[in-house]
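Q: Before I ask anything, let me first share the structure, which is written out below as structure tokens.
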Amino acid sequence: MSLPRNRTVKMMLVLLGLYGLACLPATVWDNYLDSPIGILVVVPYLSVYVFHAIGIPGLLQNNGACGWGWCAPTVFGWVFIATVWLLVLWGVARVIAAILAPPSEGES
């Protein structure tokens with residue numbers, strides 16, 4: 001099955017736009033990130049701590065030793081989580097585009 005890459009890119013842009021819209025209320029609503037949708041919005045950010053816990057080095061400042069607080073991601077950490085989640089989003093967009101694709105001629 002050949003899937004046009006253009007359809008996948010469009011679906012990925014739609015998904016990124018929906019994620020951006022889901023992030024917008026956090027700019028004006030203080031407790032938004034505590035809501036069920038807000039928790040889903042911060043999952044990509046919080047995943048850096050999961051990746052650090054499974055042993056990927058260099059993701060957190062001070063190698064994760066920040067006393068009682070949570071360490072912020074390093075530049076490498078930001079790039080890493082952005083890359084991982086963009087790849088996940090690409091895969092989801094690819095699956096959605098394949099499901100929504102009209103059947104090609106010759107397939108029944």
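The values are calculated or read from the model by the stated rules, or taken from the named source; none is laboratory data. None of the values given here were measured: they were computed from a predicted structure. Reconstructed Cβ throughout: ideal geometry from the backbone, glycine too, with neighbour counts over all protein chains shown.
Q: Would you confirm, using the coordinates I've provided, whether Pro44 is under 14 Å from the mean Cα position of the chain (by Cα) and touching a residue at least 24 places away in the same chain (Cβ under 8 Å)? Full working, then the answer.
A: Numbers: under 14 Å from the mean Cα position of the chain (by Cα): yes; touching a residue at least 24 places away in the same chain (Cβ under 8 Å): yes.
Here the answer is yes, as Pro44 does meet what is asked.
Q: Moving to a separate point now. What are the pairs with Cβ atoms under 7 angstrom where one residue, in the range 1-21, is at pLDDT below 90 and the other, located anywhere, is outside any helix (DSSP H, G or I)? Sequence gap at least six, or different chains.
A: Short answer, once both residue conditions are applied: Leu3/Ala101; Arg7/Ala101.
Q: Hey, could you check the range 62-76 for residues that are at pLDDT 90 or above and in a helix (DSSP H, G or I) and say which is surrounded by the fewest Cβ atoms within 10 Å (Cβ to Cβ)?
A: Only one residue tops the list, namely Val75.
Q: Cβ contacts < 6 Å: first residue closer than 11 Å to Arg7 by Cα, restricted to the range 82-96; second residue β-branched (Val, Ile, Thr) and buried (at least 16 other Cβ atoms within 10 Å of the Cβ), any location; separation 6+ or different chain. Result?
A: Ala93/Thr8; Arg94/Thr8
Q: Also, quick follow-up: If you check Ile56, Ile81, Ile37, which single one turns out to be in contact with a Phe, Trp or Tyr (Cβ under 9 Å, 6 or more places away or on another chain) and under 23 Å from Met12 (Cβ atoms)?
A: Checking each option against the conditions leaves just Ile81.
Q: Still on this model: Mind listing whichever residues of the range 1-54 are among the polar types (S, T, N, Q) and outside any helix (DSSP H, G or I)?
A: We begin by selecting, within the range 1-54, every residue among the polar types (S, T, N, Q); these are 2, 6, 8, 27, 31, 35, 47.
Ser2, Asn31, Ser35 - these are the residues of the range 1-54 that are among the polar types (S, T, N, Q) and outside any helix (DSSP H, G or I).
Q: Here's another thing I want to ask about it. Kindly indicate the residue of the range 1-36 that is β-branched (Val, Ile, Thr) and exposed (fewer than 11 other Cβ atoms within 10 Å of the Cβ) and also nearest to Leu100 (Cα to Cα) among those meeting that condition. Steps first, please.
A: So in the range 1-36, the residues β-branched (Val, Ile, Thr) come out as 8-9, 14, 27-28.
Pick out the ones that are also exposed (fewer than 11 other Cβ atoms within 10 Å of the Cβ) and you get 27-28.
On the way: Thr27: 33, Val28: 35 Å.
That would be Thr27.
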